[in-house]
1. Please report the net charge: other residues with Cβ closer than 14 Å to the Cβ of I67, K and R +1, D and E -1.
2. Give the relative contact order (percent, whole number) for the range 40-113; include only Cα pairs under 8 Å separated by 6+ residues.
Amino acid sequence: MKALKDSLSPARAGLDVRRWGVAFAFALVTLAGLAITTSAQAPKRTVIRAGRVLNVRTGELRANQAIVVEGDKIAQIAPSSEITAAAGDTTINLPDATLLPGLIDMHTHLTLI
């Protein structure tokens with residue numbers, strides 16, 4: 001009976017709450033550290049090698065071009081011979097395609113089925 005009284009005492013209940021609080025705070029700090037570490041990594045790099053690239057501002061069509069995409073932004077457009085892919089880069093070869101970087105197809109017909 002004494003053990004039951006001791007387990008229900010307010011002081012012991014407060015100690016259990018503090019233990020859970022410390023464990024919860026530790027878990028939050030650990031997750032925050034993982035998020036910071038993940039976001040600090042370099043953005044993923046993709047090299048797209050195209051047969052032709054249209055400069056939408058000047059209207060100039062260039063042959064054998066490479067587009068370097070870092071994260072979700074175009075970092076560089078240059079002749080394919082000037083761009084070398086690193087070990088971790090994703091390379092997409094489109095030798096017969098004409099790319100129009102920076103343009104978005106806004107003419108879309110949405111249908112509901």
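1. Working: positive: R45, R49, R52, R62, K73; negative: E70, D72, E82, D89.
Once positives and negatives cancel, what remains is +1.
2. Details: 125 pairs, mean separation 27.6, N = 74.
Relative CO of the range 40-113 lands at 37 percent.
None of the figures in this text is laboratory data; all of them are computed from the coordinates on show. What you see is a predicted model, and the numbers here were worked out from it, not measured in a lab. Cβ atoms come from the backbone with ideal geometry, glycine included; neighbour counts cover every protein chain shown.
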